[in-house]
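Participant: Got a structure here, written out as structure tokens. Questions coming.
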Amino acid sequence: MHGGSHSRKSGSFELIASIIIDQYYCPSRVNCKNETSGIRISDVSYRSIIGTSTTDKVINLSCDQNVGCTDIQFNYVYITSTDFPGKKACAFSFNAHGNYTHTSPVVKGLQA
């Protein structure tokens with residue numbers, strides 16, 4: 001639904017392995033257009049998640065540059081990487097708003 005104008009409001013996720021919101025997803029990764037009228041995502045919480053991921057970027061919040069993601073909550077989320085020994089798992093956030101408590105890796109870009 002990239003480039004559409006839809007919304008996703010209210011959701012709760014528990015007991016999952018990695019967290020991805022990617023409004024810039026492009027399956028071919030070639031000649032991808034930067035569409036700016038994406039899906040509005042709000043009021044989503046992730047809690048009680050403990051696990052591993054096969055990537056080093058275990059949390060990816062790539063929200064639309066115009067509408068963003070709002071009220072994204074992380075509580076007791078602990079995800080590590082299994083395929084990158086000696087490399088810390090990381091989180092990425094772009095235009096995401098919310099907060100986190102007891103979460104690793106820290107979601108530094110998550111704006112209050």
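Participant: Taking the residues in the range 66-80 that are surrounded by fewer than 19 Cβ atoms within 10 Å (Cβ to Cβ) and in a strand (DSSP E or B) as candidates, determine which candidate is modelled with the lowest pLDDT.
Facilitator: THR80
Participant: Working only within the range 98-112, note down all residues that are closer than 15 Å to ILE21 by Cα and crowded, with 17+ Cβ neighbours inside 10 Å.
Facilitator: GLY98, VAL107, LEU110
Participant: From SER62, SER42, grab the single residue that is modelled with pLDDT of 85 or more, within 21 Å of LYS88 (Cα to Cα) and surrounded by 12 or more Cβ atoms within 10 Å (Cβ to Cβ).
Facilitator: The conditions single out SER62.
Participant: Still on this structure, I have one more. Filter the range 45-59 for residues that are of a type in the set (Ser, Thr, Tyr) and closer than 17 Å to ASP22 by Cα; which is surrounded by the fewest Cβ atoms within 10 Å (Cβ to Cβ)?
Facilitator: Step by step, filter the range 45-59, then rank; the result is THR55.
The values are calculated or read from the model by the stated rules, or taken from the named source; none is laboratory data. In this text the structure is predicted, and so the values were computed from the model without any measurement. Cβ coordinates were reconstructed from backbone atoms using ideal geometry, including for glycine residues, and neighbour counts include every protein chain displayed.
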